[in-house]
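The values are calculated or read from the model by the stated rules, or taken from the named source; none is laboratory data. Keep in mind that what you see is a predicted model, and the values were worked out from it rather than measured. Methodologically, a virtual Cβ is constructed for each residue, glycine included, from the backbone with ideal geometry; neighbour enumeration extends over all protein chains shown.
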Amino acid sequence: MDSLSNPPSFQFPAGFAWGASTSAYQIEGGWDADGKGPSVWDTFCHQGGGRVFQNQTGDVACGSYTQWEDDLKCIKQLGLTHYRFSLSWSRLLPDGTTGFINQKGIAYYNRIIDDLLANGICPLVTLYHFDMPQAVENQGGWRSDKTVEIFNEYARFCFDTFGNKVKFWITINEPHVVAEYGYEQGLIAPGVTDPGIGVYHVGHNMIKAHAKAWHTYHLLFKEKQHGQVSISLDSDWAEPFDPSSVKDQEAVQRYLAFNLGWFAHPVFINGDYPPLMKSQISSKSKQQGFMDSRLPEFTDEEMKMIQGTADFFCLNYYTTRKVKHQDSSHTKPSIKADQDADAIQDPSWPVPGIEWLAVVPWGLRKLLKFIKDTFKDPEIYITENGFAQIDPAPLDDSQRWEYFRQTLSEILKGVHVDAVNLKGYFVWSLLDNFEWHYGYSQRFGLFHVDFENPKLPRTPYRSALEYKKVISQNCL
Ligand code: GAL
């Protein structure tokens with residue numbers, strides 16, 4: 001045991017933001033209610049074909065579109081200081097543009113925001129959490145440069161409509177996941193498989209869209225509304241498979257550059273991709289006979305526009321990998337092959353639910369320190385962290401709370417020992433919900449939702465009761 005094994009203090013910083021997160025498609029249901037337009041997730045699920053577990057859909061989900069009061073009760077029961085949710089773009093703008101505005105969508109989100117504020121809870125609002133309007137996707141979605149401006153216009157509309165009350169905005173949730181799983185592997189909506197090429201164009205457009213929206217806020221709204229805008233980035237932590245191998249250590253650097261650096265480097269450092277990512281893709285592209293690098297380039301003007309476009313750092317952390325050098329020179333182009341790295345799950349790490357989520361609390365501490373050191377010591381919010389249980393899940397989830405406890409303890413070391421500027425922690429998720437292509441088979445909630453019962457009752461897991469204690473004492 002090293003001297004840092006026990007946190008020097010169990011206290012969290014004063015004013016720490018205690019939250020839980022959700023996203024529109026995963027909880028709302030009401031997929032075509034009151035004039036909502038379809039999103040790529042409606043299409044993806046309705047097409048069936050076994051891409052989602054048991055061909056389940058988010059048509060009803062937790063019913064939050066009509067049962068917001070029940071969600072509010074859960075939020076109040078926990079004593080959250082913050083609640084992170086996302087707006088359904090196509091509920092507000094059914095075809096994705098301001099050509100037609102759905103007043104009922106505005107009324108729904110106004111109610112949520114007003115109720116939160118009336119109860120002293122601060123809303124953190126994500127503009128886009130995977131559910132692109134189908135009408136925008138039909139015109140190319142993130143593959144089209146035009147979507148940059150369409151997104152910017154949507155963002156402007158949201159700032160204008162809700163910005164007098166919302167002070168924390170997240171433009172895009174996990175662009176890395178959207179690009180790699182939505183447009184390269186086709187595992188999630190829109191289910192496109194365009195390995196090694198499309199994936200980077202999609203990322204490119206999302207970075208530009210985010211940066212434009214940030215400028216729109218700062219130019220037109222900041223002075224009056226005094227809010228902040230950021231982007232939520234997901235990342236694993238990575239350790240060398242063989243700590244003494246220089247090749248594995250370099251593979252770790254590449255893995256982090258391709259996962260977190262892809263978006264964090266342009267936004268927080270210099271408006272451009274990490275040098276490691278650029279050189280890898282460029283040399284691979286050359287070997288493969290491409291005229292240019294498969295990674296698009298930003299113009300000087302774009303780099304200037306992108307650099308510095310986040311007012312705080314939002315991290316979604318779930319797991320850690322051991323990374324091994326792997327020579328992929330003879331494989332077809334793909335984002336994985338571009339990394340020359342194999343990411344391995346240590347079999348000794350517990351996997352309580354979903355197979356990719358190995359529990360590694362200390363990985364979060366190391367990742368926080370890495371962010372502090374690499375991205376200019378930003379204010380950090382952990383906008384997602386959590387653990388799944390496989391359905392059916394026991395209400396007494398003591399083991400899962402133990403994982404939360406260990407994670408919070410690592411966070412305290414990050415704050416007190418590593419001096420990470422951590423401002424808040426949001427559990428994924430408030431409720432059991434539609435876990436993308438895993439459907440309802442994985443339960444991430446602090447509250448159990450009985451999806452068999454038409455009233456969709458919410459019941460706290462033991463973790464919710466324990467989390468409530470931590471929040472009320474601001475202390476572990
Ligand atoms: C994130 C995503 C969430 C949630 C979570 C658990 O990637 O933002 O919507 O599904 O993973 O898998």
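Hey, can you tell me all the residues within region 232-262 that are within 16 Å of the ligand (Cβ to nearest atom) and farther than 24 Å from Glu410 by Cβ? Hit for region 232-262 is Trp262, nothing else.
Scanning region 302-346 for residues being within 25 Å of Lys369 (Cα to Cα) and not charged (D, E, K, R) gives a total of 21.
May I ask you to verify whether Gln406 is away from the ligand (no atom under 16 Å from the Cβ) and under 22 Å from the mean Cα position of the chain (by Cα)? Criteria met by Gln406. Looking only at residues in region 348-403 that are touching a Ser or Thr at 6+ places or on another chain (Cβ under 7 Å) and aromatic (Phe, Trp, Tyr), the one that is nearest to the ligand (Cβ to nearest atom) is Trp356.
When every residue of region 162-176 is checked against the conditions, none turns out to be more than 24 Å from Ala257 (Cβ to Cβ), β-branched (Val, Ile, Thr), within 20 Å of the chain's Cα centre (by Cα) and surrounded by 22 or more Cβ atoms within 10 Å (Cβ to Cβ). The set of residues from region 425-476 being on the phi > 0 side of the Ramachandran plot and in contact with a Gly (Cβ under 8 Å, 6 or more places away or on another chain) comprises just one member, Leu456.
Return yes or no: is Ile354 more than 26 Å from Gly424 (Cβ to Cβ) and in contact (Cβ under 8 Å) with a residue 12 or more places away in the chain? The answer is no for Ile354. Number of residues in region 24-51 that are surrounded by fewer than 21 Cβ atoms within 10 Å (Cβ to Cβ) and assigned to a helix (DSSP H, G or I): the value is 5.
Among the residues of region 166-178, those that are touching a residue at least 60 places away in the same chain (Cβ under 8 Å) and either in a strand (DSSP E or B) or within 15 Å of the ligand (Cβ to nearest atom) (or both) comprise Phe168, Trp169, Ile170, Thr171, Ile172, Asn173, Glu174, Pro175, His176. Candidates Tyr217, Tyr183: the one that is part of a helix (DSSP H, G or I), under 21 Å from Thr97 (Cα atoms) and of a type in the set (Phe, Trp, Tyr) is Tyr217. Taken as a whole, the structure places Pro333 among residues that are more than 16 Å from the ligand (Cβ to nearest atom), at pLDDT 95 or above and either part of a strand (DSSP E or B) or not aromatic (Phe, Trp, Tyr) (or both). Test each condition in (1) under 29 Å from Leu80 (Cα atoms); (2) in contact (Cβ under 8 Å) with a residue 40 or more places away in the chain; (3) of a type in the set (A, V, I, L, M, F, W, C) for Trp31 and report the one that comes out false. With (1) under 29 Å from Leu80 (Cα atoms); (2) in contact (Cβ under 8 Å) with a residue 40 or more places away in the chain; (3) of a type in the set (A, V, I, L, M, F, W, C) applied to Trp31, the lone miss is (2).
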